[in-house]
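*Asks:* Below is the structure I would like to discuss, written out as structure tokens.
Just so it is clear, none of the values below were taken in a lab; they were calculated from the coordinates. Just so you know, these numbers come straight off a predicted model, no measurement behind them. When we count neighbours, we look across all protein chains shown, and the Cβ atoms used for this are built from the backbone with ideal geometry, even at glycine.
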Amino acid sequence: MKFETLAIRIQTALTQQREHSTPMFPTSSFVFDDAEQMRAMFADEQSGNIYSRFTNPNSIELENKMAALENTDDAVSTASGMSAIFNSFMAFLKAGDHLISSRAVFGATHTIFTQFFPNWNIDFTLVDPVDQDTWQKAIRPNTKMFLWRPLQIRVWISSI
């Protein structure tokens, strides 16, 4: 498969209706064969769609296509950019951690910093987005993440 056609070649399996393109799944929830299957899916013992806020064939197809186009093992789709930013914070930060961010962020991101981070004991420093020295000087032993601008989040993997 070539990059130019990669996204159209990755597609959700056809249903029994034999459609030409992926159908839309606007459902909020999915059905189960029986109570045991439902229990197993909710316990992550069996894969499958439970509820569209968790998984949906359309979201899964988007994630598979994005992962292929970005040449990564996996991808995650969210309902909005703010939910992507929030999910990144919650996935990689914990109490006692520190984040360094550009001062030039969306207002709702600033709200997370000022109204939610204090409740979770997560500290942050806002710096000039183009002054590399301010970024370097803001690094602490507990710095775990850099947010240069939305959708360009860098997680500090190695210890400082």
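*Asks:* Based on the alpha-carbon gyration tensor of the stretch 81-155 and its eigenvalue square roots a ≥ b ≥ c, which shape applies: rounded if a/c is under 1.5, prolate if not and a/b is larger than b/c, or oblate? Each step should come with its number before you reach the end.
*Replies:* On the way: a/c = 1.56, a/b = 1.16, b/c = 1.34.
Judged from the Cα gyration tensor, the stretch 81-155 comes out oblate (a/c at least 1.5, b/c at or above a/b).
*Asks:* Calculate the dipole size of the stretch 3-70 relative to its Cα centre from +1 charges on Lys and Arg beta carbons and -1 charges on Asp and Glu beta carbons; express the result in debye to the nearest 20. List each step's numbers first, then the result.
*Replies:* Details: 5 positive and 10 negative charges, 44 e Å.
In total the dipole reaches around 220 debye.
*Asks:* Using alpha-carbon pairs under 8 Å, 6+ residues apart, how would you state the relative contact order of the chain in percent?
*Replies:* Reported relative contact order: 18 percent.
*Asks:* So for the pair Ala40, Arg103, with labels modelled 7 Å out along Cα→Cβ, what separation do we get in nm?
*Replies:* Computed distance between label sites Ala40 and Arg103 equals 5.7 nm.
*Asks:* At 0.36 nm per residue, minus the direct Cα-Cα distance, what do Asn142 and Asp128 gain on full extension? Give it in nm, one decimal, please. List each step's numbers first, then the result.
*Replies:* Numbers: separation 14, 0.36 × 14 = 5.04 nm, distance 2.01 nm.
Length difference between fully extended and current span is 3.0 nm.
*Asks:* Take the chain, mark every one of the GluC sites (Glu not before Pro) that falls in a DSSP loop and has at most 14 other Cβ within 10 Å, then report the longest stretch left between them, sites excluded. Please list the in-between numbers first.
*Replies:* Values: sites that count: Glu19, Glu45.
Maximal segment without exposed cleavage sites: 46-160.
*Asks:* Say the dipole of the stretch 81-155 comes from +1 at the beta carbon of Lys and Arg and -1 at that of Asp and Glu; which of Ser101, Trp135, Ala91 then lies farthest toward its positive end?
*Replies:* After comparing all options, I get Ala91.
*Asks:* Using the Karplus equation 6.51 cos²θ - 1.76 cosθ + 1.60 (θ = phi - 60°), what ³J(HN,Hα) coupling, rounded to whole Hz, does each residue of the stretch 9-17 give in order, writing x for Gly and Pro?
*Replies:* Each residue of the stretch 9-17 in turn: 8, 9, 8, 4, 4, 4, 8, 5, 7 Hz.
*Asks:* When only C-alpha pairs under 8 Å and at least 6 residues apart count, what is the relative contact order of the stretch 81-155, in percent? Walk me through the numbers on the way to the answer.
*Replies:* Details: 105 pairs, mean separation 32.1, N = 75.
Averaging sequence separation for qualifying contacts and normalising by length gives 43 percent for the stretch 81-155.
*Asks:* Output ³J(HN,Hα) for the stretch 18-29: one whole-Hz value per residue in order, computed from phi by the Karplus curve 6.51 cos²θ - 1.76 cosθ + 1.60 with θ = phi - 60°, and x for Gly and Pro.
*Replies:* 6, 5, 7, 10, 4, x, 7, 10, x, 6, 8, 9
*Asks:* Please state, rounded to one decimal and in Å, the Kirkwood hydrodynamic radius that the chain gives when every pair of distinct Cα atoms enters the mean of 1/r. Walk me through the numbers before you get to the answer.
*Replies:* On the way: mean 1/r = 0.0533 Å⁻¹.
Result for the chain stands at 18.8 Å.
*Asks:* Hey, another quick one. Place a label point 7 angstrom from the Cα of Ala79 along the Cα-to-Cβ direction, then list the residues of the stretch 19-38 whose backbone nitrogen is under 17 Å away.
*Replies:* 25-30
*Asks:* Okay, moving on. Nearest 5 percent is fine: what portion of the DSSP beta bridges confined to the chain is antiparallel?
*Replies:* Just about 35 percent of them are antiparallel.
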